[in-house]
Amino acid sequence: MIEHNKLSTWATNIAPSPTLAVDAKAKELKAAGEDVCGFGAGEPDFDTPAFIKEACAQALSDGRTKYAPAAGIPDLRAAIAEKYRDDNGVAGVEASQVVVSPGGKFSCYLAILSVISPGDEVLVPAPYWVSYPEMVKLAGGQPRILFAGQESGFKITPDQLRAAITPKTRLLILNSPSNPTGAVYTEAELRALVDVVLEAGIYLMSDEIYEYLLYDNVDHFSPASFSPEAAASTITVSGFSKTFSMTGWRLGTLMAAPPIAKAIAGIQSQTSSNATTFAQYGALAAMQKWAQSMAAVQEMLTVFDRRRLRLLSGLESIRGIRCERAEGAFYLFPNIEELGIDAAAFAAQLLEEEKVAVVPGEGFGAPGYMRLSYAVSDEVIEKGLERLERFCAKLV
Ligand SMILES: *Cc1c(COP(=O)(O)O)cnc(C)c1O
C-alpha cells in the first residue's frame, strides 16, 4: 500500500475528471448488459472522415514513425497559421507561433504553465470546463471563480471581470463556445472583455476547441483577431478532437505571440515531445483539404442541430427543469434547482433508477445544473427523455 502522505502536493490536490468518471460508470453498466441512455459523452459520435484516416494510414506505411520536431511537423504548423490568418482573421500569424500538442487538453495546460507562476491568480468563469481549475493548481496558481448562471446566459460581464482583478491576477480563461453550457459570446461581448484584459495588462487564454460547432447562424470570433495588442496578450487553444471527430488522435493546437509560443514549445520539448508523428499527417490532410473538411463538419452539424432542438424541447416540457437554448458545442446545461435535490444526488439516482447517465453540475462549478451531451443517437434522446420525465415526476 502506498501511504497517502507520501504523495505529492500536486497529486493530492488534483481531483480526477468527473466527466470521464460518469462516462466510465455508464459504460460499465452497459457492458453488464444494462440498457443505459448515456448523455455523459464528451465527444462526437461520428467517425473521423475517411480522407483524414487515409492520410494517416499512408504516413504510417510511408514510415513516418519517428520523432518529429517537438512543436509539430512544419507543414502542419504552417497550415494552421494560414487557417488563423484566413479563417479567423488574425493578421500576420506565422508558423513559428503555432504549437501542435498531444491533445487540446495538453495545449491548455501548456498555455497555463507558460504564464503562471506559483501564487498567481487565474480568473475562471463558471460553469467551467472541469480541467481548468485543476490545471491552474498543477501550475501552482490560484483559480478564482467568476460565476455566471443561466440568468446571465452563462456569460461573465466586463464589470464582473474588472471587479475580480487583483494585483496578483495574471490570466483570464475564456471558452466560447462553452463546454458545459454551449453558450457563445458575441463579438461585442468578447471585445468588451478583451478591453478589460488589455487595460489590466493580464493574459487571456481563449479555448476555441468548439469554434466550428455553431447553430442558429451565430458566428465565432477569436479575440486574437481584434487588434495587435489583443493578439499579443492572447493564447488561442484549439484542436482537431471536436471539429473532426478525432478525440482519440490526441492532437491539439495553440497559437500565441512569438515569445510565448517559443516558451511553450520549450516546455513541450522537455515533457511530451512531439504529438504522434503519423497522426499529424492525418491532421495535415484535414487542413489542406479544407472544403472537404468543412463539408464533413456541416454534415455532422445538421445532425447535431436536429438533436439539439429535440432534446431542448423535451427538457423544456419537463416540470422543474429550465434550459437555455445553447448555440454551440454539443451540450445542453439545464437548471434543476426547482426539483429540490442537488445535482450529484440527482445524477446518481437517475443512473441507478432509470439507467440514464448525465454529468452533475458540481464538477463544472455549477451545482443545481446538469450537462447532457446530444452527441448521441435520436433513439437514446427519445428514450432518455421519457425516463427523465418519469424520474422528475417522482420528485416534484
Ligand atoms: C474536449 C475539450 C478540450 C480538448 O480536448 P482534447 O481531446 O484534449 O483535444 C479542450 N477544451 C474543452 C473545453 C473541451 O471540451
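The values are calculated or read from the model by the stated rules, or taken from the named source; none is laboratory data. Just so it is clear, the model here is predicted, and its values are computed rather than measured. Neighbour counts run over all protein chains shown; Cβ positions are idealised from the backbone, glycine included. In case anyone asks, the SASA skips ligands and DNA or RNA and just uses the protein heavy atoms, side chains included. Shrake-Rupley method; radii C 1.70, N 1.55, O 1.52, S 1.80 Å.
What the table shows:
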item: Viscosity 1.567 mPa s, temperature 4 °C, Stokes-Einstein D of the range 251-294 from Kirkwood C-alpha radius, µm²/s; result: 108 µm²/s
item: Gain in span if fully extended, residue 229 to residue 382, counting 0.36 nm per residue against the direct Cα distance; result: 50.3 nm
item: Contact order relative to length of the chain, as percent, for alpha carbon pairs under 8 angstrom and 6 or more apart; result: 24 percent
item: Of all accessible heavy-atom area on the chain, the percent that carbon and sulfur account for (1.4 Å); result: 52 percent
item: Segment residue 75-residue 273, extension gain: residue separation times 0.36 nm, minus the distance between their alpha carbons; result: 69.5 nm
item: Within the chain, helix-based [θ] at 222 nm, where runs of 4 or more DSSP H residues each add -39,500 (n - 2.57), nearest 500; result: -13500 deg cm²/dmol
item: Sites residue 151 and residue 87, calculated FRET efficiency, Cβ-Cβ separation with R0 30 Å, nearest 0.05; result: 0.35
item: Shape category assigned to the range 102-167 from the gyration tensor of Cα positions, a/c cut at 1.5; result: oblate
item: Within the range 66-289, percent of DSSP bridges classed antiparallel, to nearest 5; result: 30 percent
item: Mean accessible surface per residue for the chain, computed with a 1.4 Å probe while every protein chain stays in place, in Å²; result: 42 Å²
item: Residue-level accessible surface for residue 267, protein heavy atoms, 1.4 Å, Å²; result: 50 Å²
item: Exposure of residue 144 as accessible area (Å², to 10), given a probe of 1.4 Å and all protein chains; result: 100 Å²
item: 5 angstrom amide H check on residue 371, placed H, neighbours 5+ away; result: 359, 361
item: For residue 274, distant residues with modelled amide H under 5 Å away; result: 68
item: Solution diffusion estimate, µm²/s, Stokes-Einstein, the range 322-396, Kirkwood Rh from C-alpha pairs, 10 °C, viscosity 1.306 mPa s; result: 126 µm²/s
item: Amide H partners (placed H, <5 Å) of residue 38, local residues excluded; result: 357
item: The chain - Kirkwood radius from inverse mean 1/r over Cα pairs (Å); result: 21.7 Å
item: Relative frequency of Cα-Cα separations exceeding 22 Å in the range 66-289, percent; result: 46 percent
